[in-house]
Structures are given as structure tokens and as C-alpha cells.
Amino acid sequence: MSGSDSRLSPDVSRQVLSAIQGALAEEKVPFKRRLLKSAGWGTLFTLILALPLAATFRDQMSAIWLAATALWWLFLCGGFYLHYYPQPRLAVPGFWSPWVFAKVLLTMVGMTALEILLCPSFVFLESPLAWNPFEPLTALFMNWGGMGFCMFACGAIFSSIGGVISFVLVSRTLSRSSGRDVLRAAAVASLTQLPILAVQLYDGELRPFAVFWMIGAVTGTWLMALGVRVSSNRSS
């Protein structure tokens with residue numbers, strides 16, 4: 001390859017220079033200010049996610065939901081901290097910067113809250129809607145393998161929906177990523193299921209089946225990360 005072929009285009013060079021200059025400027029921001037900014041955004045988005053759930057299911061929720069909300073707050077604060085951490089914000093194939101992990105974490109937290117609104121039965125909440133579009137599917141899973149299989153399948157399906165959206169947003173980074181990177185990305189995405197797991201473990205009837213949910217959720221996120229990586233490699 002000749003020297004001229006290996007040079008970056010002017011547009012790419014400007015993007016790289018701008019990203020580096022931005023990271024150097026962010027280095028000057030005091031740690032406390034960055035931490036407070038992350039906590040502020042984390043608190044705001046926690047309220048945005050939690051208030052619709054509280055308004056919809058307030059008569060059915062127990063104290064464990066406060067713990068679940070606290071976990072969401074921690075994940076959101078962590079995600080925003082990773083986002084605001086001084087770094088060049090560039091989507092580079094195979095390079096997992098804190099900014100990229102933040103995208104996965106923040107998107108999956110939002111999708112996890114949406115899961116409960118769409119199908120609250122997996123945390124033993126009753127939907128106020130007269131018709132639940134997922135009820136025929138859960139009935140089918142119950143017929144196939146009982147409660148254990150239903151929890152596994154629902155965990156896999158809902159985490160896959162959130163996972164495919166999250167990983168498509170970072171598909172450029174996923175391309176050329178190693179198997180270890182894919183596992184790390186899936187692990188970060190799976191962490192967002194811990195609030196749901198906490199609620200399930202608190203409930204005596206759901207507790208024996210919570211492990212099936214988590215296995216399904218981890219499996220779903222890993223398969224979506226792997227699938228997006230394969231798709232990105234083929235299209236690149």
C-alpha cells in the first residue's frame with residue numbers, strides 16, 4: 001500500500017482532531033463537576049422511566065420496587081459517567097471506549113423499563129390494558145414447558161429486543177470485535193436485568209423461576225451482540 005493510500009481523508013482527519021481536542025478540553029473539567037453532572041442526568045432519566053411505571057402499577061408495587069429503582073439510578077449514573085468521561089468520541093471498529101459502553105448501558109436501561117410496561121406479568125403485575133399482545137405468546141410458552149420455560153423464553157425475547165437496538169447503535173464498534181469483547185458487551189447489557197431479577201427474587205412465587213429469566217436474558221443479549229457483529233462484518 002502506498003503512502004497516499006494509507007492517509008486519512010480530510011474529513012476523517014478533522015473528525016479525529018476534533019475528538020482529540022474535545023477530550024483534552026474535558027480533561028480540564030473537575031472530577032466533582034463531572035460526577036454531579038452524571039448524577040443529575042441519571043436522576044432525571046430515572047424519574048422519566050420510573051414515574052410511568054409508578055403511575056400505572058402504584059397499587060400493586062411493594063417496597064422492593066424502591067430497590068429496583070435505586071439500581072436503575074446507579075446504572076444510569078454509571079452510564080452517564082462513562083459518557084462524560086474524557087475520551088475521543090470516535091466509532092472505531094473493535095475499539096470499546098467508555099463512550100461506546102455507555103450507549104449500550106443507557107439504551108438497555110430504557111428498554112428494560114419498557115419491557116415492564118409491555119408485559120408486566122413476568123414481575124407479577126397486572127396490566128391495566130384490557131388486551132396484552134404478549135399474552136397468547138406467554139400462554140404458548142406455558143403449554144410448551146411450564147413456568148420455567150416461559151420465564152426463560154420471555155427473558156430471552158425481551159432482552160433480545162433491547163439488545164438488538166443497543167448493539168445496532170454500536171454496530172461499527174462491534175465489527176471486528178473479538179469474542180471476548182462481545183461477551184463483555186453482552187455482560188454490560190445483561191446487568192440492566194438485575195432490577196427485574198431483584199423483584200423476582202423478592203416474590204416467593206417467582207423466586208424459584210428467577211434463574212430461568214436471567215439465563216434467558218443473558219442468552220438473548222449475547223446472541224444479539226454476536227448477531228450484530230456478524231452482520232456488521234458482512235456489510236463492511
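The values are calculated or read from the model by the stated rules, or taken from the named source; none is laboratory data. Values in this document were obtained by computation on a predicted structure and should not be read as measured data. Cβ atoms come from the backbone with ideal geometry, glycine included; neighbour counts cover every protein chain shown.
Yes or no: the range 71-88 includes at least one residue that is more than 25 Å from Ser190 (Cβ to Cβ), in contact with a helix residue (DSSP H, G or I) (Cβ under 6 Å, 6 or more places away or on another chain), surrounded by 12 or more Cβ atoms within 10 Å (Cβ to Cβ) and modelled with pLDDT under 95.
Scanning the range 71-88, I find at least one residue that is more than 25 Å from Ser190 (Cβ to Cβ), in contact with a helix residue (DSSP H, G or I) (Cβ under 6 Å, 6 or more places away or on another chain), surrounded by 12 or more Cβ atoms within 10 Å (Cβ to Cβ) and modelled with pLDDT under 95, so the answer is yes.
Output the qualifying pairs, or none if there are none: Cβ atoms under 8 angstrom, residues six or more apart or on different chains, first residue in the range 181-199 and free of Cβ contacts under 8 Å to residues at least 12 places away in the same chain and farther than 18 Å from Phe152 by Cβ, second residue among the hydroxyl-bearing types (Ser, Thr, Tyr) and buried (at least 24 other Cβ atoms within 10 Å of the Cβ).
none
Kindly indicate whether any position in the range 6-27 is within 21 Å of the chain's Cα centre (by Cα), outside any helix (DSSP H, G or I) and under 28 Å from Ser178 (Cα atoms).
No, that holds for no residue.
Testing Ser177 on (1) more than 24 Å from Leu76 (Cβ to Cβ); (2) surrounded by fewer than 17 Cβ atoms within 10 Å (Cβ to Cβ), one condition comes back false. Which one is that?
The number of the failed condition is (2).
It is to be established whether one or more residues within the range 99-116 are acidic (Asp, Glu) and loosely packed, with under 14 Cβ neighbours inside 10 Å.
No - not one qualifying residue is present in the range 99-116.
Mind listing whichever residues of the range 150-182 are assigned to a loop (DSSP other than H, G, I, E, B) and of a type in the set (A, V, I, L, M)?
Val170
Would you point out which residue out of Val170, Val188, Val228, Val211 is buried (at least 19 other Cβ atoms within 10 Å of the Cβ) and either polar (S, T, N, Q) or under 26 Å from Phe124 (Cα atoms) (or both)?
Of the residues listed, the single one that is buried (at least 19 other Cβ atoms within 10 Å of the Cβ) and either polar (S, T, N, Q) or under 26 Å from Phe124 (Cα atoms) (or both) is Val188.
Report whether or not Ala102 is in a helix (DSSP H, G or I) and of a type in the set (A, V, I, L, M).
Yes: the conditions hold for Ala102.
Conditions tested, residue by residue: (1) hydroxyl-bearing (Ser, Thr, Tyr); (2) touching a Phe, Trp or Tyr at 6+ places or on another chain (Cβ under 9 Å); (3) in contact (Cβ under 8 Å) with a residue 24 or more places away in the chain.
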site: Phe45; (1), (2), (3): no, yes, yes
site: Thr56; (1), (2), (3): yes, no, yes
site: Tyr85; (1), (2), (3): yes, yes, yes
site: Gly94; (1), (2), (3): no, no, yes
site: Ala102; (1), (2), (3): no, yes, no
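To keep it simple, each residue is scored yes or no on (1) among the hydrophobic types (A, V, I, L, M, F, W, C); (2) modelled with pLDDT under 95; (3) part of a helix (DSSP H, G or I); (4) surrounded by 16 or more Cβ atoms within 10 Å (Cβ to Cβ).
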| position | (1), (2), (3), (4) |
| --- | --- |
| Leu44 | yes, no, yes, no |
| Asp59 | no, yes, no, no |
| Trp65 | yes, yes, yes, yes |
| Ala68 | yes, yes, yes, yes |
| Phe122 | yes, yes, yes, yes |
| Glu126 | no, yes, no, no |
| Pro133 | no, yes, no, no |
| Ala139 | yes, yes, yes, no |
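Take Ala187 and decide whether it is in a helix (DSSP H, G or I) and in contact with a His (Cβ under 7 Å, 6 or more places away or on another chain).
No; evaluated as a whole, the condition is false for this residue.
Of the conditions (1) in contact with a Pro (Cβ under 6 Å, 6 or more places away or on another chain); (2) in contact (Cβ under 8 Å) with a residue 60 or more places away in the chain; (3) surrounded by 16 or more Cβ atoms within 10 Å (Cβ to Cβ), Ile20 fails just one. Which one is it?
Checking Ile20 against (1) in contact with a Pro (Cβ under 6 Å, 6 or more places away or on another chain); (2) in contact (Cβ under 8 Å) with a residue 60 or more places away in the chain; (3) surrounded by 16 or more Cβ atoms within 10 Å (Cβ to Cβ), the one that fails is (3).
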